[in-house]
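See structure below.
The values are calculated or read from the model by the stated rules, or taken from the named source; none is laboratory data. Quick caveat: nothing in here was measured; it's all calculated off a predicted structure. Neighbour counts run over all protein chains shown; Cβ positions are idealised from the backbone, glycine included. Areas reflect the complete protein model, heavy atoms only, side chains present, ligands, DNA and RNA absent. Shrake-Rupley method; radii C 1.70, N 1.55, O 1.52, S 1.80 Å.
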Amino acid sequence: MDDADWMRHAMALASRAESFGEVPVGAVLVKDDAILSEGWNCPIARNDPSAHAEMVALRGGGQVLQNYRLLDTTLYVTLEPCVMCMGAIVHARVKRLVFGALDPKRGAVVSALQLADVDFLNHRVEVTGEVLAAECSEQLKTFFKRRR
């Protein structure tokens, strides 16, 4: 599968979040072209402000690998990660991050902050942004239009 295929899978996970009334963001952690773990936004359901899609996928990956280091993995997420998630991605030593829609107000990869490029971090994550950006953005816009 290529980046677009994995992003479509993440979008399907985002739809699960939406079905529970959560903001539709999905993430899938891949290693050796296979799903290691996956997640979708669930902070409301879990009463956990850290239960973003990325965090859920990273936690699952750590459990599967029995290691907090997620070496040689790629994380696909439908929305540019926030500060919390980007910090966890770096600390987990994720090799590659692929995201869909930009988050101009809170994105911590290339938008509001550029944490992938700061000198004080001791791990560099390869970043590919805006994969299926229009589709990922539309999924979020449609959700918020329905809520208003």
Given (1) open to solvent by 10 Å² or more (accessible area, probe 1.4 Å); (2) in a strand (DSSP E or B), index of the condition residue 78 fails: (1)
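One residue is enough: does the stretch 100-107 have a residue meeting the conditions in a loop (DSSP other than H, G, I, E, B), of a type in the set (A, V, I, L, M, F, W, C), under 13 Å from the mean Cα position of the chain (by Cα) and surrounded by fewer than 20 Cβ atoms within 10 Å (Cβ to Cβ)?
Within the stretch 100-107, one or more residues are in a loop (DSSP other than H, G, I, E, B), of a type in the set (A, V, I, L, M, F, W, C), under 13 Å from the mean Cα position of the chain (by Cα) and surrounded by fewer than 20 Cβ atoms within 10 Å (Cβ to Cβ).
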Leading residue by the ranking (surrounded by the fewest Cβ atoms within 10 Å (Cβ to Cβ)) among those in the stretch 1-47 that are touching a residue at least 40 places away in the same chain (Cβ under 8 Å) and among the acidic types (Asp, Glu): 32
Meets criteria (β-branched (Val, Ile, Thr), in contact with a strand residue (DSSP E or B) (Cβ under 6 Å, 6 or more places away or on another chain) and modelled with pLDDT of 95 or more) for residue 23: no
Only one of 70, 97, 58 that is buried (at least 22 other Cβ atoms within 10 Å of the Cβ), in a strand (DSSP E or B) and among the hydrophobic types (A, V, I, L, M, F, W, C): 97
